[in-house]
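Asker: Okay, here's the structure, questions in a sec.
The values are calculated or read from the model by the stated rules, or taken from the named source; none is laboratory data. Everything numeric in this text was worked out from a predicted model, so none of it was measured. Cβ coordinates were reconstructed from backbone atoms using ideal geometry, including for glycine residues, and neighbour counts include every protein chain displayed.
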Amino acid sequence: MGERGNPNLDVLRAGFFASLPRYEDLGDLGHGGMGYVFKALDRELNEVIAIKVLTRSDPDERDAVLTRFKGEVSMNRKVSHPNVCRLHDYGVAGDLPYVTMEYVEGRDLASVIDLDSPVPAARSLRILTQLTRAVAAAHAVGIVHRDLKPANVMIRPSGELSILDFGLAHDTKRTDPRITRAGTAVGTPQYMSPEQVRGRVVDERSDIYAIGAIAFELLTGNRMFSGRTFLSIARKHLETTVSRGTLEGRGVPRELAAIVIRCLAKKPEDRFPDASSLADSFEAFERMQTPPAPAVTSTTRHAARTITAVHRRSAILPSAKPVTPARRPVVLVVDDQDQVRNLVCECLRRGGFEAVPSPSGEDALTLFETRTFDLVLIDVLMPGLDGFDTVRVLKSRPERARIPVLFMSGFPEKNRVLFAGQTGAVDFLTKPLDIKSLMAKVTAILGEPAA
């Protein structure tokens with residue numbers, strides 16, 4: 001099994017463990033172009049561990065390798081999360097650099113995809129949520145992984161996962177000179193973001209792109225881009241856009257496809273702002289896949305909606321004359337700004353409507369599990385699950401697909417207004433809100449409240 005130019009594996013293993021009597025050889029775990037991973041028993045701690053040994057390192061390169069190992073161990077120790085594989089120590093034994101780490105039983109995600117693809121949405125969501133939460137923990141301490149890929153994710157028999165290999169990770173808070181020079185592209189080409197391909201300094205959003213590429217592969221069974229050379233793959237990351245229809249055509253739910261496509265935006269600013277927001281979206285959609293207990297709903301038909309500019313673009317909701325419901329209509333007001341939320345609720349109540357405040361998208365989706373609402377008034381830009389993602393998850397349930405939605409934002413760019421129409425919005429309101437106009441729109445949608 002030894003590679004050309006390297007000692008025979010049996011000889012290599014015997015020499016390596018002879019120079020490290022603390023560890024007992026328990027067999028091979030895998031190998032790659034640069035070396036091997038062994039399973040071993042730490043005799044001092046009576047604990048099974050894994051040891052990564054580099055066999056392709058010239059004496060002149062050894063100091064650089066050890067510097068990388070030191071950086072990898074140092075960054076790994078900053079991240080405390082159950083889904084991140086722990087590194088223990090590093091050193092040299094028999095002229096071979098090595099690093100010791102937590103032993104993770106199971107198989108890597110690449111093998112899961114090869115054998116089980118396409119992975120069903122429910123299972124994919126569990127994997128992606130864990131992966132994204134672990135990445136968010138790394139980002140919280142300033143660590144960008146830069147080499148997220150299925151081969152670096154281990155899936156335990158329990159279904160829990162562990163992220164491996166922070167060898168290419170970048171500490172955004174570090175002030176000492178970088179090992180990797182600016183302008184150098186690092187990573188695995190199939191999962192590299194456009195800015196990473198260009199060799200630019202990357203931030204957390206580059207990892208979000210990689211998660212999107214992994215999600216695409218999980219859900220479809222195929223790599224997003226492939227090619228014979230690095231340049232052929234890199235060019236596709238720069239120039240080829242993946243459509244939501246590609247995922248939907250493979251049976252991926254529309255809302256989940258939208259989340260993945262947002263991860264894969266060419267411009268970092270068009271992706272999720274951080275891994276926590278992405279994890280919130282995965283979790284919310286995962287939660288919505290579990291049918292709730294049947295809820296008691298009003299038999300009164302919702303009043304139809306007044307056609308607006310958004311309607312004309314989306315052609316989603318029909319128009320009709322508003323009718324007066326037999327009970328007070330209930331409006332859910334979702335905004336992370338207390339002042340705006342409280343003001344809108346107060347005005348709605350004065351107008352005879354019942355108003356329920358909610359500070360976040362996650363809280364709003366939770367409220368829908370126990371209550372019935374006739375209208376949703378929601379801010380677009382909120383931390384965590386934003387307004388667009390909240391509505392996408394909400395409308396993934398057929399029984400909620402026709403609940404009218406009014407978006408509001410202080411940044412009414414054309415693309416946001418158009419996107420609002422695509423998600424089925426009745427209208428898009430600009431902040432600061434014109435309360436008189438707001439009340440007129442609510443009344444047009446729901447009708448005059450019963451006295």
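For every residue, the table says whether it meets (1) in a strand (DSSP E or B); (2) more than 19 Å from residue 156 (Cα to Cα).
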| position | (1), (2) |
| --- | --- |
| 37 | yes, no |
| 40 | yes, no |
| 45 | no, yes |
| 51 | yes, no |
| 69 | no, yes |
| 74 | no, yes |
| 81 | no, no |
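Asker: Regarding residue 148, is this residue within 16 Å of the chain's Cα centre (by Cα) and modelled with pLDDT of 95 or more?
Answerer: no
Asker: Given the residues 362, 369, 346, which is the only one that is without any contact (Cβ under 8 Å) to a residue 24 or more places away in the chain and more than 18 Å from residue 327 (Cα to Cα)?
Answerer: Every option except 346 fails the conditions.
Asker: Counting only residues that are under 16 Å from residue 250 (Cβ atoms), among the polar types (S, T, N, Q) and in a helix (DSSP H, G or I), how many does the stretch 102-136 have?
Answerer: 1
Asker: Please specify each residue of the stretch 186-218 satisfying the condition of being over 14 Å from residue 145 (Cα atoms) and either modelled with pLDDT under 55 or among the basic types (Lys, Arg) (or both).
Answerer: 198, 200
Results for (1) at pLDDT 90 or above; (2) closer than 26 Å to residue 256 by Cα, shown as yes or no for each residue.
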| position | (1), (2) |
| --- | --- |
| 363 | no, yes |
| 370 | no, yes |
| 378 | yes, yes |
| 393 | no, yes |
| 398 | no, yes |
| 412 | no, yes |
| 415 | no, yes |
| 429 | no, no |
| 440 | yes, no |
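Asker: Follow-up. Which helices (runs of 4 or more DSSP H) does the stretch 197-269 wholly contain that include 2 or more residues that are more than 24 Å from residue 108 (Cα to Cα)?
Answerer: 230-239, 244-248, 254-263
Asker: Which of the residues belonging to the stretch 60-107 are loosely packed, with under 15 Cβ neighbours inside 10 Å, under 24 Å from residue 22 (Cβ atoms) and not polar (S, T, N, Q)?
Answerer: Scanning the stretch 60-107 gives 63, 70, 77, 89, 91, 95, 105.
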